[in-house]
Every structure is written in C-alpha cells, then in structure tokens.
1. State all residues of segment 211-264 that are assigned to a loop (DSSP other than H, G, I, E, B) and surrounded by fewer than 22 Cβ atoms within 10 Å (Cβ to Cβ); if no residue qualifies, say none.
2. Identify the single condition in (1) open to solvent by less than 50 Å² (accessible area, probe 1.4 Å); (2) in a loop (DSSP other than H, G, I, E, B) that ASN694 does not satisfy, given that it satisfies every other one.
3. Output the residues belonging to segment 295-329 that are at pLDDT 90 or above and surrounded by 19 or more Cβ atoms within 10 Å (Cβ to Cβ).
4. Which of the following residues is more than 30 Å from VAL631 (Cβ to Cβ), touching a Pro at 6+ places or on another chain (Cβ under 7 Å) and crowded, with 17+ Cβ neighbours inside 10 Å: ILE660, ILE737?
5. Residue by residue through segment 644-656, note down the ones that are more than 28 Å from the chain's Cα centre (by Cα), closer than 24 Å to ASP556 by Cα and open to solvent by 50 Å² or more (accessible area, probe 1.4 Å).
6. Which one of these does SER632 not meet: (1) under 21 Å from HIS508 (Cα atoms); (2) in contact (Cβ under 8 Å) with a residue 40 or more places away in the chain; (3) in contact with a helix residue (DSSP H, G or I) (Cβ under 6 Å, 6 or more places away or on another chain)?
7. Tell me the residue from PRO191, PRO141, PRO176 that is without any contact (Cβ under 8 Å) to a residue 60 or more places away in the chain and more than 21 Å from PHE111 (Cβ to Cβ), please.
8. Hey, could you check segment 198-210 for residues that are touching a residue at least 60 places away in the same chain (Cβ under 8 Å) and open to solvent by 20 Å² or more (accessible area, probe 1.4 Å) and say which is farthest from SER323 (Cα to Cα)?
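The values are calculated or read from the model by the stated rules, or taken from the named source; none is laboratory data. Here the structure is a predicted model, which means the values were calculated and not measured. No Cβ is skipped: glycine too gets one built from the backbone with ideal geometry, and neighbour counts run over all protein chains shown. Heads up: the accessible areas ignore ligands, DNA and RNA and are worked out on the full protein's heavy atoms, side chains in. Shrake-Rupley method; radii C 1.70, N 1.55, O 1.52, S 1.80 Å.
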Amino acid sequence: MSVRILLLGNGGREHALAWKIAQSDLLDRLYVCPGNGGTAQEPKTVNVDLPPTDFPRLVEFAVKNEAIGIPVFGPSVLAARMEGSKAFSKDFMARHNIPTAKFRVFKSDQFTDAIEYVNTCGHSVVLKASGLAAGKGVLIPETTEEAITGLKEMMIDNVFGDAANEVVIEELLTGPEVSVLAFCDGYSIVPLPPAQDHKRIGEGDVGLNTGGMGAYAPATIATPVLMDQIMKESLRPTIDGMRKEGFPFVGMLFTGFMLTASGPKVLEYNVRFGDPETEALMMLLREDVDLVAVAKKACAEHHLDSTTITVRPGFAVSVVLASQGYPGSYPKGKRIEFKPTPSSAYLSLIYQNFIGSINIDVVVFHAGTTKSDNDIVTSGGRVLAVTAYGETIREALDAAYAGVETVSFDGKTYRRDIGHRALATLTEKKSIGLTYAQAGVSVDAGNNLVEIIKPYVRSTRRSGADAEIGGFGGIFDLKATGFKDPVLVSGTDGVGTKLRVAVDVGIHDLVGIDLVAMSVNDLLVQGAEPLYFLDYYGCGRLDVDVASQVVKGIADGCRQAGCALIGGETAEMPGMYSEGDYDLAGFAVGAVERELILPTLDIVAGDVLLGVASSGLHSNGFSLVRKVISVSGFDYSSPCPWDNTMTLGRAILEPTQIYISQVLPAAKAGLLRAMSHITGGGFIENIPRVLPKNLGCFVDASAWTPPPVFKFIMKHGVIDPLEMARTFNNGIGMIVIVSRDNVDAALAALSQGNASVFRVGEVTTEPGVDMRNLHVWSL
C-alpha cells in the first residue's frame, strides 16, 4: 500500500531525508514543508509553501491531500521536553542514574544563589539556558568572572529571552564529543553509527559555535565496546525511563555525549534528526533500508524490534558550505553554480538540474537555498552539505572535497579539516592506550566516595577502634574493651531482595541499617557484644550518591549496635550488574565472656519464650512480598494503606530492629538461656536451631497482634497463617528463652528498651514448633 508523507523543515537534514524517503517503493507522494531549492528535485517530491509552525493550515493541507490519519514519526509534547527544557532533561537523568555532568538549576530570580554556586562549586562551569534558544543558549566561560558576567546576561539582561527563565549551571566536561542518533518506538531503540560533528566555524576548532560545519560517521573513537556502554548506561535507561514516566518516545532520539576519562556522559538530548549528522548517516544506510517502512511501520506502529536497519561498511562525510559572515549576519540571494570538474581522475561529476551526484556516492544536499526563476540562490547561513561515501575515511573525504570544488557562490565558506580527528589517528598511527575508566571503572569516583563517607565512619568510634578508613586493613584493639576471657563470634549476612525494593523506590540508607542489623542480631544470639563491622558494596557502575547513602545507613546501624565501622570493600564491576543495581554484604565480629556464651546447656521443658517486637518485615521474605504487591493493585508509590504519612514502598523498607541495647544487658546479667533471631524461615525454622534436639516449643499466636503490614501481606496474597509463620517474623523479631524463675527479672530488664516484649510460649518435650491459635491472624 502506497503512502503519502508530510515532512516538516527546510534544512540539509530534510533534503537528506527526502532523498532517502524518495527511494522507497512504498511512497506515493512526499510533501516537504516548506522545503528548499533541492528537495523538490527529488522523485515523487513536492515543496509545500506553508510555514512549518502553522499547524491549523498543515492539518487542513493534510486533509485535502489525504495525508491525515498516518502515524506520526516524532515525539509527543511531553516527550519533547527532553529537548525543550534542559532543566527537565537534567532532572530526568538524575532520576534514572544516567551519566551526565554535575549540575544545579536556578530560576531567573535566583541570580545571587547562582553566583554563590559558581563561586563555591569547585569546578569550571557551562551555563545553559534551559529553554530553546536557537542553538545559541550555551556559554562556556573561562573564568569565574566570565561566568558571573554570563549569568548576568542570561538572568538579568535577558539576552536569551524566556529561554533563560531557568538556567542550568553544570560541570564543564572535557574530551571528544560524539553524536548518537537512534530510532525509537517507545520500547525498542536502534542506534545508527556514532557521528562526530564540527561545531566551530574555524579550522582547528576555533571561532564561534555554529549549527555544525560538517560531520563524519562512524566516529572511530566510539568503539563497539564504548557503544555497548552507551546503550546500557544511557540510551536504554532513557527510553525505559520515559515510558515508565508516562511519555514514551517515538521518533529519532539524538543524544550528544562527551567521552570523559570516567566514561561517556550525556551532554544533551534532541528529539529530532541532527544536522549535519543526518546527511552523512543517510549515505551510510544500505539501499535496501526503506526509510518509509522504518518510520511508519516500525516506529510509529511500535514494531521496531522486527525491523532490520543495516549500514554499509565504510565512512560517510558531510562538508557544509556556508554564507560569508555565518554564524553572524550574512547576505542572501547569491547565485549558486554547480559545475562538473575534471580535476579528479577517479570521479565523474554528473549534475542533473541542481542536485549533484558523483558516481552515486557524492550527493550535494541543499539547506539554505531557494529557487529564483531558473537559478538556485542562497537563503540561509548554512547553504549546502556536500556528502560522500567511501570505503575508508580518506576516500570519503577526498570525494566530498572534490564535490565541494564543483560548487561555487559568492562568499562560499567551509572548513578544510572535517574529519581531522579521525585522520590524526590514521596518520600518526597512534596506539591509544585504554584506561581503567574506559573499561567502566572510575578510580576517581571511588576516591570521592571514600572522602564523603569518612565522617560517617568516624561517627562509629568506640573503645578499641578509631574508625579511620583508607588503609589496607581495619585494626581493633580487643584489650581496650575490658573483656577478661573473651571468645570471638563472627557473622555475615545480606539483605536479600529487599535491595530490589530499595533500588526501585530510590531510598538507600535504610538497607544500610538492615545490613548491620542482620549480622549483629546474629551475634547477639550467642550472647556477644558487637565490636566491629565491615561492608561489601558491589555494583556495575559506582554511583557515589547512592553508595554514600548506603554507607550513611550502615554507620547509623553501627551506632545503634555500638560497634565500629572499620573498613569495607567497594567493587565496581562493569557488566556484572544491571544499570542502577548493587549488592551488599556485611561482616560483624563480636565478643562474649566464655562463661556467658549462649545458648546454655541447661534449657529444659517449661522454660518460657519471650518475644521482642519487630519493627516490621525486617529483611526476609521480600521475594514473596514483592509478588504480593504486584498482584495487589498497589505499587511502591501508592499511599501506605495503614499509614497515610508515607508511601507503601517507604513503609516496607522500615529497617530491621537492632536489639543490642535492649537485650544485651539481660544476656550479660545471666538472665537468658537462649535467643533466636527470627529471620528467613520464621518461627518454624529458627527457634529449633537453639534448642536441644530432644526439645521443642509451642508459640501462642494470640499472645500479640501482628503489625498491619503482615495483615496486608496475608490478605492480598491469600497466604495461609502457617505459611506466614514459616516465612515472616509476624511482629516478633527476637525470641528470648528464660527459666521460669527469671521471667519477671528478664521482663523487667527487657522492658527498658523501645520494643514491646510479650510472653509467647514455652519449651516442650516434643521436638519442633507447635504454632497455636493461628486462626486469630485471620480474624
């Protein structure tokens, strides 16, 4: 079925798109609005003399020409904010952990705050008007004084108008830039070969910024490994994030990257084809790539994953011919002559009408041109883009510059060094040594993390440890603790799939507390006082902010437990974890006087079980919790059904109760015979671990009321009470076993803490755990 297409624009990219679209067998008619002096010369193509921003008239035209009803290859209004508001896009990147420069956003009335930030941020800055400013809203000051002057121009003098109602001040990144254009259908994303633009007007990358004086693709510096990193860390999270936030992206996503020493970072998004990158990329697409099918059937109809987009091996180069004076003021109406030249022995120059074609591998795309009678004349700053393909970058450049010589007009301005970075690599035969950062590991980020967490670590100082980190090992002076005949007790644990919830909700400090709690509570069961703690943090890419939040929580847990955080390991392992994910493990060491080790050997039937209340789910059973929530009709952002002051996600992240300060004094007083930390396996699995093999116990489920979170899980998961008892703590995080004679004394000692204490059962002669009165949990 043939289709009609309306293409909006009049630049070189539009001509390149028209050139490729016109090759499609699916095309009936292509309308280009308003088009230029070259677009109308393509087969089946007509220029439309309408303003491309006059949408009512465009709709009217579409209706008259039966173009209405076709899918739209382009973003929605919401998705277009990724280009239309730099403040929005930077906040989006921060939310989705997409690598980008450090930044702050200031409204136009925050001039004083912006100056303060520039003076104190500690790095060189780039100033960006948040809104669209015709490509001119970026300032790169070399000094703090220039930055303040630039802020005044943007925020006070209003040189960029409403575009600078918000100003983004971001860290100045250094390194080569690449542009990645990618087809998107809202779900899938297919990048084209990376391109490298040449923004400055002058050779050697000097002079004023322009819309682009040339480009080549593929940019050899963006290796396949680097492109894979860009896809995993930036492009895929971008498309997934936009869809999750309710504005899926359909069309061409154009992302600019800076290849920094610590890896590729996003400079900006554009929600359209780039210029002059598009001219080169259209030349690289294989002849069998039907752009109509890609744009209509694949992207707009969301079938991109079933479409193959292939490129030719080799290189494409685009050289822009500009008007004299560009990017400042320039004359218009200069007649353009297209002449074949015999100077190149290997190229046969054949021009038809006003479109040049050199052995089909050189095409002159029109940009700022218009037809005047029988002539083509200049009408813009960037006039033409001479584009060529070659098997090597050298061949493509030679062909493109041979094409440049066939075109003449008064004031023709162009750069003679397009592709110079790629050529430098070839001519100098450089062997570019890889860095650890290029492998995805940032030593700088690791060092930065250490400096940030040092105050947290110091806050855990106690007798025996100064809590200073940075050495090869942590030191603890056991003699300084005052133990007489100590036995060391160690434990290690993690927090399970509760981490998945923390990552999804974006709250990371609470699982740090969990990590400490799970280990030190296990030490407590032996009667031990926690002395020191070490942590392990593993990730694919180190996010310093997230990691520091986790360590802040670990330090909080250590203070609650009275132990020192004396060291840890942060492992950045590219390719081992999905973007944004991390894993945790904790290691605790404590000591107990030999005569007070628990459990004691004198446990007998009739001993009493006291239950110390939990703070909630603690850190076990979260695989089932997540499953229940997925079928409950709630999500993590829903208001918590039992506490409207927080979200459901925050509620289930309530950290594990640390029982040291409440229970350890009773253990040191010799009041306890055993303890059981109720973790995975609930009452059924954990209590028997501390009982003699010939003994068991009963637990009276009516002795306390499970907190609302367990009622929620039980109800929405339709979970049997016995299954609850073998999976969760159900409101009792620690079971304490005491003799009948010590019940009152133990209750008095334990009641000094924050958690409630209940008499919940007794030791029996029947091995196992008899859960009684479970029916009350269903009431």
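1. Answer for segment 211-264, where residues must be assigned to a loop (DSSP other than H, G, I, E, B) and surrounded by fewer than 22 Cβ atoms within 10 Å (Cβ to Cβ): THR220, ILE221, THR223, GLU245, GLY246, PHE247, PRO248, ALA261, SER262.
2. (1)
3. Listed by number, the residues that qualify are PHE315, ALA316, VAL317, SER318, VAL319, VAL320, LEU321, ALA322, SER323, TYR326, PRO327.
4. Answer to the check: ILE660.
5. Scanning segment 644-656 gives a single hit, THR645.
6. (1)
7. The match here is PRO191.
8. Filtering segment 198-210 down to residues touching a residue at least 60 places away in the same chain (Cβ under 8 Å) leaves 198, 201-204, 208-210.
Still in the running and open to solvent by 20 Å² or more (accessible area, probe 1.4 Å): 201, 203-204, 208-209.
Details: ILE201: 11, GLU203: 16, GLY204: 19, LEU208: 14, ASN209: 15 Å.
Taking the candidates together, the pick is GLY204.
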